[in-house]
Amino acid sequence: MSQSIHGHQVMQLMLEKGGSFSSASLEKLMKQTFGEQSEYHTCSKKGMNAQELIVFLAERGKFVEANQGFNTCESKICSHK
């Protein structure tokens, strides 16, 4: 059975790793960290794959443009559970 990972965990992972990401490099990191079959969810949406979560977070302004890609910052992670 696949596990469901909250988008907050992905953003925390980005902060821990540092640097810039492309959509492809972030997806690869997510699959390496959480598993190929993991599903993702947020406070408002469930059942996403890695690429769908990346698009979802980007559309909601959770990423910050960076040199050669994007990253995130602590203030972009909502504080509710």
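A few remarks follow.
- Elements of type strands (runs of 3 or more DSSP E) in the chain, at least 3 residues being of a type outside the set (A, V, I, L, M) and either free of Cβ contacts under 8 Å to residues at least 24 places away in the same chain or in contact with a strand residue (DSSP E or B) (Cβ under 9 Å, 6 or more places away or on another chain) (or both): 39-41, 69-71
- Criterion applied to S75, S20, S25, S38 was being polar (S, T, N, Q) and touching a Phe, Trp or Tyr at 6+ places or on another chain (Cβ under 9 Å), and the one residue passing it is S20.
- Tally of residues being touching a Leu at 6+ places or on another chain (Cβ under 7 Å), more than 16 Å from Q3 (Cα to Cα) and open to solvent by 40 Å² or more (accessible area, probe 1.4 Å) across the range 18-75: 1
The values are calculated or read from the model by the stated rules, or taken from the named source; none is laboratory data. Computed from a prediction, not measured in an experiment: that's the story for all the values here. Don't worry about glycine lacking a Cβ; one is built from the backbone with ideal geometry, like all the others, and counts go over all protein chains shown. Surface areas here come from the heavy atoms of the whole protein model, side chains and all, with no ligands, DNA or RNA. Shrake-Rupley method; radii C 1.70, N 1.55, O 1.52, S 1.80 Å.
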